[in-house]
Amino acid sequence: MPRELVSIVVPTLNEAENLPLLVPRIAAAMATRAYEIVIVDDSSRDGTRDVCARLAERFPLRLIVRRRENGLSGAVLCGLREARGDLLVVMDADLQHPPETIGDLVEPLITGDADFTIGSRYAAGGTTQREWTLLRRLNSKAATLLARPFAGDTHDPMSGFFALRRDTFLRARRLTPLGYKIGLELMCKCGVERPREVPIHFGTRHAGRSKLNVSQQFKYLEHLSRLYDFFFPRMSPIVKFLIATASGWLVGFGVYLLALSKGRSEGLVAPPPAVVAAYGAAIIATAAFHLRYTRTQREFLVRPHPWRDFAVISLCEWIAAAGTAIFCSLRLLRVTSVEVFVYSFGAATLTRYVLRKEFLQDLRGLRKGIRLDEVQPRRGAPHAGDADLRRRRDAA
């Protein structure tokens with residue numbers, strides 16, 4: 001049987017010092033296999049192009065230069081789409097991932113024992129070059145725990161050193177790269193059923209600066225939010241709706257008590273005005289969640305004007321809260337101020353639910369029928385099931 005071509009995708013950003021060391025090690029590890037190296041560079045300014053040109057004279061190396069877009073994840077997806085091999089490997093350029101382990105990564109794919117392999121620091125036999133601080137270990141454990149619902153029992157699902165077959169990659173739906181955890185995205189959206197971890201020795205960066213910072217960690221949380229929406233398309237939006245609503249209630253109740261105490265100090269007890277002020281604060285708190293939603297899910301929004309919809313719905317909620325507060329104060333006997341708050345905010349929340357679910361068909365992502373982002377995948381995303389896609393689109 002002909003040997004399958006192994007494509008090794010290496011995203012780079014100012015890694016010119018590391019590539020002359022990395023590429024020969026890859027070549028040595030792949031001496032008995034057919035392979036290509038695909039360098040995807042995000043417009044580095046350290047001479048990466050010249051270094052790759054010299055290396056391409058000795059090794060099967062291709063350089064793809066692109067404008068920096070969607071970070072490392074976008075670079076990896078670009079490389080996977082341009083790769084020619086049936087076996088796809090992704091690794092970093094900073095020499096933390098040992099090229100000598102590439103053969104161990106692709107072997108389970110060749111034998112059919114796995115459909116996705118991960119170079120793991122935490123699997124039995126895996127090691128790290130440097131002892132991590134307690135804070136970094138806790139951070140890693142928390143990140144792994146949050147990814148557990150769709151990463152299964154893997155110990156290092158955030159690893160950037162992984163391999164998969166091309167046909168597995170082509171099964172991916174709605175790829176939305178964000179940050180640097182593209183392996184986790186592919187595990188979730190390629191329908192991986194048999195992942196396997198291969199122990200590696202995780203080294204230290206040879207040269208250059210690490211790209212991991214606080215901004216990337218926040219992007220990881222946003223990325224997890226997208227994956228939860230994808231993996232739990234019904235439950236995730238409901239949970240997020242409840243979290244946003246509970247946050248609004250908490251902020252609103254604090255403002256409500258403050259307004260009541262100020263009214264009593266001035267000899268006035270007027271729950272309706274306090275409710276109006278409180279629900280205005282609740283709307284501001286909810287707007288923070290809506291801002292995150294529109295920013296991270298803008299590619300899959302059903303309606304073209306999400307902030308206009310938010311303003312209209314919020315106004316209706318505000319009117320419902322104020323009207324209920326006035327009704328309770330004028331028509332109900334022996335009603336307490338806490339009861340006025342609960343009835344008013346309850347009416348406003350019911351208004352939000354009805355308007356979002358029945359009119360906008362979007363309860364923070366919960367929609368009737370087939371979701372638009374499943375019927376019309378993001379442009380450029382690979383999708384193997386064209387016939388099935390057409391049937392679902394016609395049914396929608």
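The values are calculated or read from the model by the stated rules, or taken from the named source; none is laboratory data. All figures in this text were calculated on a predicted structure; none of them were measured in a lab. Cβ sites come from the backbone with ideal geometry, for glycine too, and all protein chains shown count toward neighbours.
For the stretch 13-26, does any single residue satisfy the condition of being of a type in the set (Gly, Ala, Ser) and more than 19 Å from residue 83 (Cα to Cα)? Yes, there is a match, as at least one residue in the stretch 13-26 is of a type in the set (Gly, Ala, Ser) and more than 19 Å from residue 83 (Cα to Cα).
Conditions (1) over 17 Å from residue 7 (Cβ atoms); (2) in a strand (DSSP E or B), marked per residue:
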| residue | (1), (2) |
| --- | --- |
| 40 | no, yes |
| 53 | yes, no |
| 58 | yes, no |
| 67 | yes, no |
| 74 | yes, no |
| 79 | no, no |
| 85 | no, no |
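When restricted to residues that are crowded, with 20+ Cβ neighbours inside 10 Å and of a type in the set (Lys, Arg), the stretch 83-131 contains 1.
Restricted to the stretch 1-38, and to residues there that are out of contact with any helix residue (DSSP H, G or I) (no Cβ under 7 Å at 6 or more places or on another chain) and in a helix (DSSP H, G or I), the residue that is farthest from residue 164 (Cα to Cα) is 21. Filtering the stretch 40-50 for residues that are on the phi > 0 side of the Ramachandran plot and either within 27 Å of the chain's Cα centre (by Cα) or polar (S, T, N, Q) (or both) leaves a non-empty set. Per the conditions (1) in a loop (DSSP other than H, G, I, E, B); (2) at negative phi, the sole criterion not satisfied by residue 125 is (2). When the stretch 42-74 is examined, which residues are found to be of a type in the set (Asp, Glu) and either closer than 28 Å to residue 107 by Cα or surrounded by fewer than 18 Cβ atoms within 10 Å (Cβ to Cβ) (or both)? Those that are of a type in the set (Asp, Glu) and either closer than 28 Å to residue 107 by Cα or surrounded by fewer than 18 Cβ atoms within 10 Å (Cβ to Cβ) (or both): 46, 50, 57, 69.
Only helices (runs of 4 or more DSSP H) whose full extent lies in the stretch 310-396 are considered here, and the ones with at least 3 residues that are at pLDDT 50 or above are 337-354. Restricting the stretch 188-210 to residues that are surrounded by 15 or more Cβ atoms within 10 Å (Cβ to Cβ) and within 21 Å of residue 175 (Cβ to Cβ) leaves a set whose member that is modelled with the lowest pLDDT is 188.
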